[in-house]
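These notes concern the structure reproduced below.
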Protein chains: 2
Amino acid sequence: MQTLHVELGERRYPIFIGNKLDPQALLEPYIHGRQVMIVTNQTVAPLYLQHYQNAIEALGKSIAVCTLPDGEKYKNIKHLNLIFDALLEAGFNRDCTVLALGGGVIGDMAGFASACFQRGVYFIQVPTTLLSQVDSSVGGKTGINHPLGKNMIGAFQQPQAVLADMSQLNTLPERELSAGLAEVIKYALLGDIGFLAWLEEHMDGLVKRDSALLAEAVYRSCAHKARIVANDEKEQGERALLNLGHTFGHAIESYLGYGVWLHGEAVATGMVMAADLSHRLGWIAAEDLERTKKIILRANLPIRCPKIPLDEFLAYMSHDKKVLNGQLRLVLMKQLGQAVITKEFDTELMQQAILANMQ
Amino acid sequence: MQTLHVELGERRYPIFIGNKLDPQALLEPYIHGRQVMIVTNQTVAPLYLQHYQNAIEALGKSIAVCTLPDGEKYKNIKHLNLIFDALLEAGFNRDCTVLALGGGVIGDMAGFASACFQRGVYFIQVPTTLLSQVDSSVGGKTGINHPLGKNMIGAFQQPQAVLADMSQLNTLPERELSAGLAEVIKYALLGDIGFLAWLEEHMDGLVKRDSALLAEAVYRSCAHKARIVANDEKEQGERALLNLGHTFGHAIESYLGYGVWLHGEAVATGMVMAADLSHRLGWIAAEDLERTKKIILRANLPIRCPKIPLDEFLAYMSHDKKVLNGQLRLVLMKQLGQAVITKEFDTELMQQAILANMQ
């Protein structure tokens, strides 16, 4: 097991990364109060809920469970309210802990609920997908979707601890494993060319779910994100680099409807569009663009999106949170493995980069 | 005009207190971005919306307005969502300002919406009731009610600035003026016996809405609260003193249904119950209890509540946020003008104190 500490001053917390971890021993110091609400979904509950219930009951805590339907389309205010209902019906008070057991959607919703319930209670994350292990574990972003935009309503809420157990990835569907690898690749592309070489060496093992390789990929991704977040918790500056591929990806997800494409799939194609635009701007070489596409393809991810009318694509992009004073900013690559946030790009070239990677 | 600065480090902000203030000049430095969402209600909008719209438009900002129905019963997740709808339909991005124009309900909802929209945008408060001027202006508590409890869902969100204009109190209904005076009296009872003497001298003028006296009462109340909040922003300790009368008061409000009694009315009777229990415990004298009742009566506030079955009253009290590890804590008076947070009280005496002040 490796332990990574996310350095956020008094909100410093550990991420435990390994295979077949012991939740009772690891989580004991981080559960506050006598009451623990486990928020999970209908897919994860039959697989792992009992395991965590047993561990937490052995710590003498009283447990309530809120099981939501599985899927991004339930990440809305109505289902958020079900968590509040569960907390209040079970008589939870301010001194309690909310534990998210599931993927990114559950982490986002349980985290946001814990930020708002009684104006903030304690929060622990047990991410059960590769995507949430590398992405949602670090950074404290929580929230829900709105019909007019993704993650439009939320809070920054740091967990007390995160437990990332590779053994739980064995039950993950292929598509979701790949979606997680999209975010892993993102860290390589945005700031670590050495990690890109490592991924090119080990992608076959990662796709075959070698737990030691997965743990290393999760550790390196989280460490990278943790460094950025520690410098810029509230996304005033460099944290926006983490959105490589996301502005394009959000447009794809929004147009298709939440949950049709997985977030990681949309980000994968979004990264191709960002790389393509970076190439058209003369910042990266044709080989760099090809290298980007190849590693994405090897992770079984899409490098082009379905046909979307350009005006609608652009409209969804302009709803993105990175619009500042009406001006679109994009995360692009100055060189392969080195991303920048910029508004200095030709709109015509951007449109070409979008259309070139659409079916 | 007096300016009070609430000292919260980098979240330091001013409260402007006076008569017929100039919003254009005062608010200009505190409005961020080009977009301003004014959240108000159907009672306040016809009276003051145009005035603020003109001032903000003169600053070259683009304005959208979200007008909610008036009343505590609308302080729920459904109406909160209307603010999010308005923000997204108007195309607001992360760099915008939400301005609350109204009483405590509008301040709580607009503040909470500004805390959650895009995980946090800028917030300005223009409280138009005495209660919200003395209470909601300081402390950053925002939120909504849940059918199972008041203010159960929310966030700490500090405004950029607060503008408290006494001239707007001339349109306030009598009952709401009195409800505001309840919170003013609270500051005297919990920590400032000198202020209690001042109130005893000037209560007639306050009830007649003398704007200079009101401004002084608002200033002293806000200054008192600001000192406490600066020491204890997240209510770990002494900030709980501000809940004098509130645990009893919440039970009254919850039983009667939100909005039947005004918050300040319930707090007034709650303070009588707290004083009564403090007397039964031998902490304050019979004359202190009478002095408490008298100043409350002179503000045209109720000193007893309607008949409520004791078991229901107690059940509502136990839902209060001040329950810690299942143990009820109350704010009581060690002596008149000096409150403490305590769990050291006889439950039997507490029940007597409740019943003694019930019809």
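With a 1.4 Å probe and all protein chains left in place, how much of the accessible area of the protein assembly as shown comes from carbon and sulfur atoms, in whole percent?
Carbon-and-sulfur percentage of accessible area, whole number: 48.
Helix B:246-256 against the longest principal axis of chain B: what's the angle in degrees, Cα atoms only, rounded to the nearest 10?
With rounding to tens, the tilt is 80 degrees.
Quick one: helix A:77-89 against the long Cα principal axis of chain A, what's the angle to the nearest 10°, folded into 0 to 90?
10
Placing a label point 7 Å from Cα toward Cβ, how far apart in nm is residue B:259 from its equivalents in the other copies, listed shortest first to one decimal?
Residue B:259 label point versus its equivalents elsewhere: 3.2 nm.
Inside 10 Å of the C-beta atoms of B:298-308, what's the mean count of C-beta atoms belonging to other chains?
Other-chain Cβ atoms within 10 Å of each residue's Cβ, averaged: 0.
Round to the nearest 10 and give me the degree value, 0 to 90, for the angle of helix B:193-207's Cα axis relative to the longest principal axis of chain B.
Once rounded, the angle reads 60 degrees.
Inter-copy label distances at residue B:201, 7 Å along the Cα→beta-carbon direction, one decimal in nm, shortest first?
8.2
What does the accessible area of residue A:198 come to, in Å² to the nearest 10, when a probe of 1.4 Å is used?
40
If you count the DSSP beta bridges with both ends in segment A:2-171, what percent of them are antiparallel, to the nearest 5?
Given both bridge residues lie in segment A:2-171, the antiparallel proportion sits at roughly 30 percent.
Could you let me know the centre-to-centre spacing of segment A:117-190 and segment B:148-218, using Cα atoms, in angstrom?
With segment A:117-190 and segment B:148-218 each reduced to a Cα centre, they are spaced 44 Å.
Once R0 is set to 30 Å, what does the formula 1/(1 + (r/R0)^6) return for the Cβ-Cβ distance between residue A:12 and residue A:328, expressed as a FRET efficiency to the nearest 0.05?
0.30
Please compute the average number of Cβ atoms from other chains found within 10 Å of each residue's Cβ in peptide B:87-99.
The mean count of partner-chain Cβ atoms within 10 Å per residue comes to 3.
Using the per-residue mean of other Cβ atoms lying within 10 Å as a proxy for protection, in what order, highest first, do the peptides A:37-43, A:327-333 fall?
Listed from highest to lowest mean packing, they are A:37-43, A:327-333.
At 0.36 nm per residue, minus the direct Cα-Cα distance, what do residue A:216 and residue A:342 gain on full extension? Give it in nm, one decimal, please.
42.2 nm is the gain from fully extending residue A:216 to residue A:342.
Which distance in nm do the two modelled labels at residue B:290 and residue B:167 give, with both placed 7 Å along the Cα-to-Cβ direction?
Rounded to a tenth, the inter-label distance reads 4.4 nm.
Per-residue counts of other Cβ atoms within 10 Å, averaged by peptide: what ranking do you get for B:162-172, A:309-319, highest first?
B:162-172, A:309-319
With respect to the cross-link table entries A:293/A:343; A:61/A:186; A:186/B:61; B:75/B:186; A:78/A:343; A:20/A:234, which display a Cα-Cα separation exceeding 31 Å?
A:61/A:186; A:186/B:61; A:78/A:343; A:20/A:234
I'd like the distance between the alpha-carbon centres of segment B:223-248 and segment B:1-73, rounded to an integer number of Å.
25
At residue A:147, label 7 Å along Cα→Cβ: distances to the other copies, nm, ascending?
2.3
Would you mind giving the mean number of other chain beta-carbons within 10 Å of the Cβ of each residue in A:150-161, as a whole number?
3
Name the residue farthest towards the positive end of the dipole of segment A:2-171 from the options A:74, A:122, A:44, assuming +1 on Cβ of Lys and Arg, -1 on Cβ of Asp and Glu, about the Cα centre.
A:74
What are the residues whose amide H is under 5 Å from the amide H of residue A:305, where those residues sit 5 or more places off or on another chain and H is modelled from the backbone?
Close amide H contacts, sequence-distant or interchain: A:358, A:359.
Between residue A:238 and residue B:62, what is the label-to-label distance in nm when each label sits 7 Å out along the Cα-to-Cβ direction?
3.4
Any idea what the dipole of segment A:174-356 comes to, in debye rounded to 20, about its Cα centre with Lys/Arg Cβ at +1 and Asp/Glu Cβ at -1?
The calculation lands at about 120 debye.
For segment B:223-234, what does the Karplus curve 6.51 cos²θ - 1.76 cosθ + 1.60, with θ = phi - 60°, yield as ³J(HN,Hα) per residue in whole Hz, taken in order and with x for Gly and Pro?
Here the 3J(HN,Hα) series is 4, 4, 5, 4, 4, 5, 5, 4, 7, 7, 4, 9 Hz.
Considering the dipole of segment A:2-171 built from charges on the beta carbon (Lys and Arg +1, Asp and Glu -1) around the Cα centre, which of A:60, A:156, A:9 is farthest to its positive end?
It is A:156.
In whole Hz, what ³J(HN,Hα) sequence does segment A:343-351 give by Karplus (6.51, -1.76, 1.60; θ = phi - 60°), x for Gly and Pro?
3J(HN,Hα) across segment A:343-351, in whole Hz: 10, 8, 8, 7, 4, 4, 5, 4, 5.
Could you point to the residue in A:245, A:273, A:305 farthest towards the positive end of segment A:174-356's charge dipole, with +1 and -1 charges on the Cβ of Lys/Arg and Asp/Glu respectively?
Projecting each Cα onto the dipole axis, the largest value belongs to A:245.
Accessible area per residue for segment A:199-247 in Å², computed with a 1.4 Å probe and the full protein assembly in place, what is it?
So segment A:199-247 comes to 39 Å² accessible per residue, rounded to a whole number.
Which whole-Hz couplings ³J(HN,Hα) result when phi for each residue of segment A:90-95 is put into the Karplus expression 6.51 cos²θ - 1.76 cosθ + 1.60, θ = phi - 60°, listed in order with x for Gly and Pro?
Listing the rounded values in order: 7, x, 5, 10, 5, 9 Hz.
Please label the shape of segment B:1-108 as rounded, prolate or oblate, based on the square roots a ≥ b ≥ c of the eigenvalues of the alpha-carbon gyration tensor (a/c under 1.5 means rounded; beyond that, a/b larger than b/c means prolate, else oblate).
The shape class here is rounded.
In nanometres, what is the gap between the two model label sites at residue A:51 and residue B:230, each 7 Å from Cα along Cα-to-Cβ?
It works out to 5.2 nm between the two label points.
The values are calculated or read from the model by the stated rules, or taken from the named source; none is laboratory data. Note that the structure is a prediction, hence the values are computed from the model and not measured. Glycine gets a Cβ as well: all are built from the backbone with ideal geometry, and neighbour counts include every protein chain shown. Ligands, DNA and RNA are stripped out before the accessible areas are found, and what is left, the full protein with its side chains, is counted by its heavy atoms. Shrake-Rupley method; radii C 1.70, N 1.55, O 1.52, S 1.80 Å.
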